[in-house]
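I have placed the structure first, in the form of structure tokens, so that the comments after it can refer back to it.
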Amino acid sequence: MYGMVNKAVEDMVCMHHGEAVWEQIKAKAGVEVEVFFGNEAYPDEITYKLVAAGSEVLNLPPEEILEAFGEHWVLRTAQQGYGSLMRAAGRSLPEFFANLPNFHTRVSMIFPKLQPPRFKTSEVTDRSLKLHYFSHRPGLTPFVVGLLQGLGKMFKTPVKVQLLESKAQGADHDVFYAEWGPPGMP
Amino acid sequence: MNPADPSAAPHLGLMPEQFAEVFPFHLAVDRNLTLVQTGQSLRRVCPDAVPGAGLDQVFRVVRPEGEVSYKWLADNQRELFLLAHLASGVQLRGQFMLLPGEQTLLFLGSPWFTESTEIAERGLGFEDFAIHDPVVDLLQLFQAQKMALGDAKKLLAKLTAQRTELRAANERLHRQEAETHKLALIAARTDNAVVLTDAEGKTEWVNEGFTRLTSYTLEEMLGKKPGAVLRGPGTDPETVRRISERLRQGKGFSEEILNYAKDGRSYWLAVEAQPIHDEQGRVTNFMAIELDITARRAAQQRLAIQFDVSRALLEAEFQAEGIRSVIETICVNLGWQIGQAWRLTEGRLRFFEVWHPPAVHVPLFVNASRAFEFAEGVGLPGRIWADARPAWLSDVTTDANFPRSAVALREGLRGAFGFPVFVHGVFWGVMEFFSRKIEQPDEMLLKAFTVVGNQIGQFIARQKAEAALRLAKETADTANKAKTEFLATISHELRTPLTSIRGFLQTLLSNLDMQPSTRQEFLGVVHDQSLRLSRLVDDLLDLSSLESGRTKFNDESVDVRQIAQTCLTEIGPLARSKSQRIEAALSGDLPNFCGDAIRLHSVFINLMSNAVKFTPAGGTIRVALHFRDDALQIVVEDTGPGIPIDQQSMIFEKFHRVYRREVPAAGTGLGLPIVKAIVEHYRGSIKVDSQVNRGSRFFVSLPLIPAQNLAACE
């Protein structure tokens, strides 16, 4: 995974728990990288280890951490470096969903070593859609839930996310059903 | 750019809406450079770029530089144009191309941004750009690179900080190493003993000073607790307990303790121990610095002994008490078992005093010492006497010149020392002390005891002076009292006959017509009393003269037998009047002696008249005279009432008359003092042997020189 993911984990931990806890998590994970480069690819293992160590140190289930991380990713990390890209990707939640395939094409142009997940939407209506998530990385389902909720917050549109089909449960891929209200609603 | 294949052109005809979608930022101008068509995205960023507006009213050609004209633009179709929107400053990059018919110039391009944020700031979105247009993606790439640069800067800052920290840490380390090296060197080389233990007190390191002091090497000490190795019988258990307690609490301590070296030698240490903590505050080690204070302690001990001895002597009232106090003080201070004092008496050192603590039982040794007396050079006391200085015996039981060695061995006494005592530079005696241990000689201690010897000498001298002073005072007091008593007595003695004379004379004067026989009797009394008064005055003058040494003795050759005979004749009438018998045994072959006839007469007549006077009627008086043992022996014996034993020593004092109920006082009470004064003038002696109701016997021994032996008496 690109360094920006690990950086995002670092940012999240430091923001809520302080730098000392982050150093503790890094030490527990056995990660000796001083600074993650956003545009450098790092082994996926590092991210998994950091999440596992974080779970242990913060005494939280990994799923909870991943979900929080999804939200943090959308609301803080992406905003900091890629905010314009994010904002350019759509003026509203439905527009963003519509642009999602192009968005990932653009991202893969910038980060050529990226093995990005693939997203597809189906049954799109004004208020809902089905999001199909294809990834070769296991266990990141809660992260996607967090991402969706983060997007809802970003566009100030409350989103309800439901996992319809799970790859972990034997399905071909994860399928989420996202339902949102009109923009500006709490 | 390669020229397009003209043959392909007809197939590329685009519908206007298709054109607008793929070139959303295009503009077209006519030959007057008036805008004739603009893309919808261009109008979003440049709202005034609408058909009919002049190109120069909306844009400024930034590059290339030149006079903008339709022709100039047409001529520069191969140039990259940069147009700046006058109102917003947004720049467009692209190219002009002349459309077929040469009536229209088409500008194809898109906005040029250097910051990705500008897209949104200008109110643009992805959908405003043609999908083929890479501007947005390039901006994003640029942004990614910029963020990577940010990461790199962060890393650089972190590394720089780390390097600074590392350098500082390095410097600290170097300083610490230098300091540690220096300290290690000091610890290793210092004269003090240094011990490093682990948290449990087991030795990890000792320095050379430690080995010098204790004789234990580092290898011998490793893993052992120093206390367990160095403690010995004399080590104070209370100090050991305090140290253990402090160590258990992980605290340092500062103590003075008696330790023992490998060879058994004891020494005093001042130990300063401190715990060493790790970063978590746990005790990892203890470091102890140990200073040998044996010499200091010894000096303190010597001073303490001298001080205590001074005090003991000051407080003592009597000589024996003072000496005993001194022995006790020294024994207690040194922790030795017994001390004895020997005094030089009649050419031998004889046992004088002893002290030992109640818990020490050495009766055999004390009794043996009491029975001993030492000649000069013999035994420890005799040796000290002969050498006139202190002596030390490490072990009396192996000393050839220690006669009490067998009993010392039985009582477990080994080490000994002693010192002489001089009074005003004259040898007085010896003090000696014994320990149950074999004691190595301590020269400093012996020197200190020379001082103690002097202190004792001064004490004895003071005691003697005080005794002499006391005696002188007592003598003076006695003399004074005697003088007062004498004056009172003499007044009385003189007044008695005077009162009698005056009384009788008054009676005679007031009765001029009294009977002649009565007058005769009264006048006789007056005469007797005046004679007595006269004799009293004579005797007083005599005695006074004798006592003061003013009496002149006219020594000449005298016949003592003749003098005695004369006296017998003189007392004869009185003795006869009392029907007394006089027996005289006067040696017939006496030579003439050198002496004063009148004084010798006084001796005889006083003794004889006393005997007659105090012996009742019918008694016997015996007088004997011999020359024996180079002296004239006079014995006057009577069968009188005798003198009570408690008064015998007082009869030679002035006016002392033995009180007897049945015998009235008679005489002046000056006779015997006069006899004694004369006898003492001739260096003779007078004694009395008397029993009440049996009589008295006076012995006079006069070492008179026969006249023939002395030219002056010839």
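Derivation of every value follows stated rules applied to the coordinates shown; laboratory data play no part. Quick caveat, the model's predicted, so the values are computed rather than measured. So basically every Cβ, Gly included, is an ideal-geometry build from the backbone, and we count neighbours across all protein chains shown.
Worth a mention:
- Our note on the geometry: Cα centres of region B:73-89 and region B:130-183, 43 Å apart.
- More than 15 angstrom apart: percent of Cα pairs within region A:12-51: 41 percent
- Over region A:48-110, the Kirkwood radius and the radius of gyration, each from Cα atoms, give a ratio Rg/Rh of 1.10.
- Loop-located GluC sites (Glu not before Pro) in region A:118-186, at most 16 other Cβ atoms within 10 Å (DSSP): A:123
- Ratio of Rg to Rh for region B:551-621: 1.03 [Cα atoms; Kirkwood radius as inverse mean 1/r over pairs].
- Distance between the pseudo-spin-label points of residue B:40 and residue B:694 (7 Å out from Cα toward the beta carbon): 17.6 nm.
- Helix-derived mean residue ellipticity, 222 nm - over the protein assembly as shown, DSSP H n ≥ 4, -39500 (n - 2.57), to 500: -15500 deg cm²/dmol
- Kirkwood radius for chain A, taken over all pairs of different Cα atoms as the inverse mean of 1/r, rounds to 17.1 Å.
- Derived from the Cα gyration tensor, the three semi-axes of the equivalent ellipsoid of region B:150-304 are 42, 17, 14 Å, largest first.
- Cys residues of the protein assembly as shown counted as unpaired, since no other Cys beta-carbon is under 4.7 Å: A:14, B:46, B:331, B:567
- Members of B:464/B:654; B:182/B:224; A:26/B:158; B:483/B:654 lying beyond 21 Å, as alpha-carbon distances in this model show: B:464/B:654; B:182/B:224
- Among the trypsin sites (Lys or Arg not before Pro) within region B:13-110, those in coil by DSSP and having at most 13 neighbouring Cβ atoms inside 10 Å are B:31, B:78.
- Phi angles of region B:152-160 translate, via the Karplus equation with coefficients 6.51, -1.76, 1.60 and θ = phi - 60°, into HN-Hα couplings of 5, 4, 4, 4, 4, 4, 5, 5, 4 Hz per residue; Gly and Pro are given as x.
- If R0 is taken as 25 Å, the Cβ-Cβ distance between residue B:104 and residue B:138 corresponds to a FRET efficiency of 0.25.
- Spherically averaged projected area in nm², based on the convex hull that wraps the Cα atoms of region B:56-174: 11.9 nm²
- Charge dipole (region B:303-417, unit charges on Cβ, about Cα centre) - positive-most of B:320, B:398, B:307: B:398
- Cross-link check: pairs A:28/B:153; B:262/B:447; A:28/A:167 evaluated at a Cα-Cα cut-off of 32 Å; no pair lies beyond the cut-off.
- Under a Gaussian network description of chain A, with springs only between Cα atoms under 10 Å, the residue in A:13, A:175, A:124 that fluctuates furthest is A:124.
- Of the residues B:285, B:85, B:568, the one whose Cα sits farthest toward the positive end of the charge dipole of the protein assembly as shown, with +1 on the Cβ of Lys and Arg and -1 on the Cβ of Asp and Glu, is B:568.
- Using Cβ point charges alone (K and R +1, D and E -1), the dipole size of the protein assembly as shown about the Cα centre works out to roughly 3220 debye.
- Which of B:210, B:129 has the fewest Cβ neighbours within 10 Å, and the rest in rising order: B:129, B:210
- Base-10 log of normalised Debye intensity for region B:400-452 (one unit scatterer per alpha-carbon) at q = 0.13, 0.15, 0.17, 0.28 Å⁻¹: -0.40, -0.52, -0.64, -1.12
- Diffusion coefficient, µm² s⁻¹, Stokes-Einstein with Kirkwood Rh over alpha-carbon pairs of the protein assembly as shown at 25 °C and 0.890 mPa s: 55 µm²/s
- Binning the alpha carbon pair distances of region B:409-506 at 5 angstrom intervals from zero yields the distribution 3, 10, 11, 10, 9, 8, 7, 6, 5, 5, 5, 4, 4, 4, 3, 3, 2, 2, 1, 0, expressed in whole percent.
- Across the options B:434, B:488, B:640, the greatest Cα extent toward the positive end of the charge dipole of chain B (unit charges at beta carbon of Lys, Arg, Asp, Glu) belongs to B:640.
- Extending 7 Å from Cα along the Cβ direction at residue B:161 and again at residue B:69 yields two label points whose distance is 6.4 nm.
- Among the trypsin sites (Lys or Arg not before Pro) in region B:186-265, those placed in a DSSP loop whose Cβ has at most 16 other Cβ atoms within 10 Å are B:202, B:224, B:251, B:262, B:265.
- When only the Cβ of Lys, Arg, Asp and Glu is charged (+1, +1, -1, -1), the dipole of region A:44-186 relative to its Cα centre reaches about 560 debye.
- Nearest-20 debye value, region B:291-392 charge dipole, Cβ charges on Lys, Arg, Asp, Glu: 240 debye
- Cα-based convex hull, region B:504-640, per residue volume (Å³, whole number): 149 Å³
- Principal axes of chain B: Cα extent on each, largest first, Å: 220, 78, 47
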